[in-house]
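Novice: Okay, handing you the structure first.
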Amino acid sequence: MDSTSFIGFSRDLTIEEYNRLRVAVGWQPVAPRLAQRSLDNALFMTVARVDGTPVGMARVLGDGGYVLYLADVIVLPAHQRTGIGTRMMEDVMAYIDRYTLPGERVFVNLMAAAGKEPFYARFGFSQRPEGPLGSGMSMYYSQD
């Protein structure tokens, strides 16, 4: 990225942009109907753009109460280690701070890609299993 590039942050992303980001980091694209619902139902989203083109994103999901989940933290490989991921996480953490009132506590979860745990630890996340929390688990489900 050269010094003349403009980096901006927004809250909007199209289905096509979302899937381009996912595919660029080796993830599967999401069916358009489900992708739109996913984007529409995020509690918070930050999108990093360089000269108008999305190069990163992060979403916060949740139940509207106690449980929050950080999903789709993506930075295109060519833009990793430039501070974009850190800036997006700062946006996410500022949202969580605004979301949580004094005296409240929320449970924020994420599934880190292998090897990315130290990045999230910088923001206060603990690697699991630790104590009674056990290990994180996931599955992909389809009717195919």
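Novice: Please rank 137, 88, fewest neighbouring Cβ atoms within 10 Å first, as an exposure proxy.
Specialist: By the 10 Å Cβ count, ascending: 137, 88.
Novice: Under the 0.36 nm per residue contour assumption, what length would be gained going from the current alpha-carbon distance of residue 12 and residue 126 to full extension?
Specialist: 38.1 nm
Novice: In whole angstrom, how long is each semi-axis of the equivalent ellipsoid of the chain, when you take the square root of 5 times every eigenvalue of its Cα gyration tensor and sort them from largest down?
Specialist: 24, 19, 17
Novice: Can you say what percent of the DSSP beta bridges in the stretch 1-111, counting only those with both residues inside, are antiparallel? Round to 5.
Specialist: Of the beta bridges lying entirely in the stretch 1-111, close to 80 percent run antiparallel.
Novice: A further question on this structure: Report the label-to-label distance for residue 40 and residue 139 in nanometres (one decimal), using points 7 Å from each Cα along the Cα→Cβ vector.
Specialist: 2.8 nm
Novice: A follow-up question, please. Run lengths n ≥ 4 of DSSP H only: what is the helix-derived mean residue ellipticity at 222 nm for the chain, with -39500 (n - 2.57) per run over all residues, to the nearest 500?
Specialist: Only helices count here, giving -8000 deg cm²/dmol.
Novice: Would you work out which of 94, 35, 10 lies farthest towards the positive end of the dipole of the stretch 7-123? Charges go on Cβ: Lys and Arg +1, Asp and Glu -1.
Specialist: 35
Novice: I'd like to compare 39-48, 98-107, 61-70, 14-23: which one has the highest average count of other Cβ atoms within 10 Å, and what's the full order after that?
Specialist: Per-residue Cβ counts within 10 Å, averaged per peptide and sorted highest first, yield 39-48, 14-23, 61-70, 98-107.
Novice: Return the whole-Å distance between the Cα centroid of the stretch 72-137 and the Cα centroid of the stretch 7-28.
Specialist: That distance is 18 Å.
Only the coordinates and a few stated rules stand behind these numbers; no lab work does. Because the structure is a prediction, the values reported are computed rather than measured. Methodologically, a virtual Cβ is constructed for each residue, glycine included, from the backbone with ideal geometry; neighbour enumeration extends over all protein chains shown.
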